[in-house]
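I have placed the structure first, in the form of structure tokens, so that the comments after it can refer back to it.
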């Protein structure tokens, strides 16, 4: 053993992005109505999406809207057709009360080859 270190580079782009999202007090099957305005999605929509992409197996793209709060040009690194996202694990759901839940999802992003 020479003690030499070997490293491989796969281009000049980073890979294995991690994105964690939390949704609080969302409806289980129906969108929540606040002050007469329907807000957000539902737990059912998240679970249906998880099923539609075969759980943690298939990749998908994320809308630019997901990254709107980042500011600057940072969001450009995480969006576009060259980044494929997949679920890192199944969504975690915690019931708040009847009809409302908190949901945590974790995604892993990879650059498409």
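Determine the pairs where a residue that is at positive phi and touching a residue at least 60 places away in the same chain (Cβ under 8 Å), located within region 87-113, has a partner that is surrounded by 12 or more Cβ atoms within 10 Å (Cβ to Cβ) and assigned to a strand (DSSP E or B) with Cβ atoms under 7 Å apart, the partner being 6 or more residues away or on another chain.
Listed pairs, sorted by first residue: 99/27.
Can you give me the number of residues within region 56-71 that are part of a loop (DSSP other than H, G, I, E, B) and over 14 Å from residue 109 (Cβ atoms)?
Summing the residues that are part of a loop (DSSP other than H, G, I, E, B) and over 14 Å from residue 109 (Cβ atoms) in region 56-71 gives 2.
State the number of residues belonging to region 9-59 that are over 19 Å from residue 95 (Cβ atoms) and either surrounded by 12 or more Cβ atoms within 10 Å (Cβ to Cβ) or at pLDDT 80 or above (or both).
Selection size over region 9-59: 14.
The values are calculated or read from the model by the stated rules, or taken from the named source; none is laboratory data. Computed from a predicted model, the values in this text were never measured in an experiment. Cβ coordinates were reconstructed from backbone atoms using ideal geometry, including for glycine residues, and neighbour counts include every protein chain displayed.
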